[in-house]
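Below is one structure, written out as structure tokens; comments come after it.
The values are calculated or read from the model by the stated rules, or taken from the named source; none is laboratory data. Everything numeric here is computed off the predicted structure, so don't read it as measured data. Glycine gets a Cβ as well: all are built from the backbone with ideal geometry, and neighbour counts include every protein chain shown.
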Amino acid sequence: MRVTFGQSLTNKGMTVDAALKLVEETPQAGNTTQAYRVLARKYRPSKLSELVGQETLTTILKHGIESGRLGHAFILTGIRGTGKTTTARIIARSLNCTGPDDNGQPTIDPCGVCASCTALSQDRHMDVIEIDAASRTSVDDVREIIEAARYKPVSARYKIYIIDEVHMLSKSAFNALLKTLEEPPAYVKFIFATTEIQKVPQTILSRCVRFDLARIAADVLCEYFKEICTREQATFEDDAIAIIAKAADGSVRDGLSILDQAMTQGLQEKGVCSIKTEAVRRMLGHSDQAKIYALFQSLSEGNLPQTLTLFRELYQEGGEVRHIFEGLLDTCCLLTRLQAAPELAQDPTMPETDRTQGLDISSRLSVSQLSRVWQMLLKGYGELSIAPSPEQAGEMVLIRTTHTANLPSIYEIIKQTPEDGSKKKP
């Protein structure tokens with residue numbers, strides 16, 4: 001289309017350069033508005049200093065790049081959304097950056113303007129090859145990599161192969177890679193990423209430097225999400241961000257996806273965005289924490305009518321049965337910790353509801369009572385997935401748990417039993 005349009009203009013006496021410039025400045029159909037970029041892509045780190053919650057990894061890589069002591073093969077492992085592929089791209093960017101004057105050396109702070117950094121940011125670098133092992137699993141695919149690795153990089157300092165989900169490679173593909181991985185050319189680097197490190201053969205692991213990317217702590221995610229909200233000019237409630245961070249389960253990408261959804265939900269007139277706690281709870285299908293505490297208290301006191309009433313209210317408000325039980329299990333775990341170590345309530349990151357109600361309820365329950373409730377709730381949680389109706393299964397579990405609330409513990413039964421095994425006379 002461009003060539004045809006340019007040719008028609010040149011036929012009218014316009015030069016080729018002027019024709020191309022006019023075409024580039026002409027709005028194209030369907031491009032009148034810029035496509036929206038989700039937060040996970042918009043705020044994807046491009047430097048080691050921007051990685052969230054991976055201090056050990058960044059420290060080792062910084063020292064390795066600055067001293068020139070980086071190996072030829074790395075394997076990055078961890079749960080989804082912790083930054084494995086992002087880290088691989090940052091390593092490639094750092095090793096191939098040449099600086100604004102094209103005379104720079106590998107750096108922990110890539111310039112972002114050199115030819116290599118620009119090509120990487122636009123996903124068109126000829127010497128940084130990113131391969132999805134989930135779709136290219138055969139030995140023939142690996143042989144192509146081995147054959148291409150014999151040739152020097154076209155324009156970069158290193159030829160870098162990033163193989164994502166490497167555990168998906170076949171056994172023969174792994175075997176074909178062994179020799180090249182052990183003694184690659186000096187200008188070749190291999191970076192593997194996987195979520196299932198146990199499926200990678202030991203012969204591969206022994207040839208790589210392994211980095212385990214940790215789950216991101218909830219408080220770290222909270223601060224990061226608040227910073228993004230500030231950049232996006234979105235107002236928020238602290239409890240709403242805390243719920244999002246908890247739901248992320250240590251994954252930055254998962255958390256940003258939830259935050260993106262919460263921002264969309266909180267859009268108001270004139271583009272103002274406000275993230276409310278109750279709205280986030282409804283969006284995620286979570287229940288009000290205060291009501292979860294009330295439900296747990298009635299459960300532990302053996303108050304069956306109130307237990308069923310509170311459960312019904314939570315369910316009618318939109319709470320999923322699975323999430324209600326997850327809330328009860330979380331509460332039981334927290335109460336057990338507070339009962340064993342009350343000083344944990346002084347943690348400034350603990351929500352006020354957990355601090356006040358948690359201390360009050362835990363002081364009236366013993367560890368044996370809490371352990372019994374935990375075991376019954378945990379067993380009941382497993383029954384939810386196999387029951388024809390999760391709602392009915394949840395009620396049956398609560399009824400069963402409530403009826404055991406006032407039963408004596410095994411220790412109390414043993415204490416009341418005479419040594420000869422006979423029953424004590426009343």
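Listed values, structure above:
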| item | result |
| --- | --- |
| Qualifying positions in region 247-272 - touching a Gly at 6+ places or on another chain (Cβ under 9 Å) and either in the same structural domain as Met350 (by TED's automatic domain parsing) or in a helix (DSSP H, G or I) (or both) | Ala247, Ala248, Val252, Arg253, Asp254, Gly255, Leu256, Ser257 |
| In region 41-55, the residues that are out of contact with any helix residue (DSSP H, G or I) (no Cβ under 9 Å at 6 or more places or on another chain) and touching a residue at least 40 places away in the same chain (Cβ under 8 Å) | none |
| Some residue of region 42-49 being at pLDDT 90 or above, part of a helix (DSSP H, G or I) and small (Gly, Ala, Ser) | no |
| All positions within region 295-346 that are among the hydrophobic types (A, V, I, L, M, F, W, C) and more than 31 Å from the chain's Cα centre (by Cα) | Leu299, Leu304, Leu308, Leu310 |
| Criterion violated by Cys332 - all others in (1) closer than 27 Å to Val220 by Cβ; (2) modelled with pLDDT under 90; (3) surrounded by 17 or more Cβ atoms within 10 Å (Cβ to Cβ) satisfied | (2) |
| Filtered residues of region 173-207 (kept if hydroxyl-bearing (Ser, Thr, Tyr) and surrounded by 14 or more Cβ atoms within 10 Å (Cβ to Cβ)) | Thr180, Tyr187, Thr194, Thr195 |
| Neighbours by Cβ (under 7 Å, 6+ apart or cross-chain): first from region 397-424, among the aliphatic types (A, V, I, L, M); second surrounded by 11 or more Cβ atoms within 10 Å (Cβ to Cβ) and modelled with pLDDT under 70 | none |
| Which listed residue, of Ala148, Ala119, is assigned by TED's automatic domain parsing to the domain that holds Lys84, within 30 Å of the chain's Cα centre (by Cα) and not hydroxyl-bearing (Ser, Thr, Tyr) | Ala119 |
| Count - residues of region 273-288 that are assigned to a loop (DSSP other than H, G, I, E, B) and surrounded by fewer than 16 Cβ atoms within 10 Å (Cβ to Cβ) | 1 |
| Region 105-116, residues that are more than 16 Å from Glu50 (Cα to Cα) and either surrounded by fewer than 16 Cβ atoms within 10 Å (Cβ to Cβ) or outside the structural domain of His63 (by TED's automatic domain parsing) (or both) | Gln105, Val113, Ala115 |
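Here is a yes/no grid of residues against (1) closer than 20 Å to Leu398 by Cα; (2) in the same structural domain as Ile241 (by TED's automatic domain parsing); (3) of a type outside the set (A, V, I, L, M, F, W, C); (4) assigned to a loop (DSSP other than H, G, I, E, B):
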| position | (1), (2), (3), (4) |
| --- | --- |
| Tyr293 | yes, no, yes, no |
| Leu299 | yes, no, no, no |
| Leu310 | yes, no, no, no |
| Leu329 | yes, no, no, no |
| Arg355 | no, no, yes, no |
| Leu365 | yes, no, no, yes |
| Val373 | yes, no, no, no |
